[in-house]
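Undergrad: The structure under discussion is supplied below as structure tokens; questions concerning it will follow.
Here, each number is a calculation from the coordinates, and none is a lab measurement. Everything quoted here is computed from the prediction, not taken from an experiment. With ideal geometry, Cβ positions are generated from the backbone for all residues, glycine too; neighbour counts draw on all protein chains shown.
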């Protein structure tokens, strides 16, 4: 199994577990004399199997990410780089948006509000980081489809 396939299965399992939780919640209480639409015991068994499979995948995905190196970095390090770049871009975009707001004055005697940062410089840095983020993400995606899950 390729790492990318394991990642897709993990995502599917997470969605399935949420659905099973909802279905269980809908079937644990019934009116006296009625039967639930689905068997809570069967749903519980399916939930337990899904969670067990999820635990297996998480452990092996993490092991693969820690042991696989690309350009001298582990996949774990690349994922951390991607996540932190994404966070930094988000924060910088919020700051640039705030710094770009214009303040209208009715009279010249009112306080003038100015940006304390160079919007163009910050935007250029955002653009540079966005390109780096795309390259890191592309490298991760490529590796995910080329590397086998360590089992």
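Undergrad: Does at least one position in the stretch 52-65 carry a residue that is without any contact (Cβ under 8 Å) to a residue 60 or more places away in the chain and more than 15 Å from residue 149 (Cβ to Cβ)?
TA: yes
Undergrad: While we're looking at this one, here's another question. Of the conditions (1) surrounded by 14 or more Cβ atoms within 10 Å (Cβ to Cβ); (2) under 25 Å from residue 147 (Cβ atoms), residue 80 fails just one. Which one is it?
TA: Against the list (1) surrounded by 14 or more Cβ atoms within 10 Å (Cβ to Cβ); (2) under 25 Å from residue 147 (Cβ atoms), residue 80 comes up short only on (1).
Undergrad: Across the stretch 1-15, which residue is nearest to the chain's Cα centre (by Cα) among those that are crowded, with 16+ Cβ neighbours inside 10 Å and more than 15 Å from residue 141 (Cβ to Cβ)?
TA: Within the stretch 1-15, the match that is nearest to the chain's Cα centre (by Cα) is 10.
Undergrad: Now for a separate question. I need the full set of residues from the stretch 16-47 which are within 30 Å of residue 141 (Cα to Cα) and surrounded by 11 or more Cβ atoms within 10 Å (Cβ to Cβ), in order please.
TA: Within the stretch 16-47, the subset within 30 Å of residue 141 (Cα to Cα) is 16-20, 47.
Correct list: 16, 17, 19, 20, 47.
Undergrad: For the stretch 94-112, state whether one or more residues are out of contact with any strand residue (DSSP E or B) (no Cβ under 6 Å at 6 or more places or on another chain), in contact (Cβ under 8 Å) with a residue 12 or more places away in the chain and closer than 20 Å to residue 4 by Cα.
TA: no
Undergrad: Also, quick follow-up: All but one of (1) part of a loop (DSSP other than H, G, I, E, B); (2) closer than 29 Å to residue 64 by Cα hold for residue 132; which doesn't?
TA: Single failed check for residue 132: (1).
Undergrad: Test each condition in (1) surrounded by 14 or more Cβ atoms within 10 Å (Cβ to Cβ); (2) closer than 29 Å to residue 127 by Cβ for residue 71 and report the one that comes out false.
TA: Exception for residue 71: condition (1).
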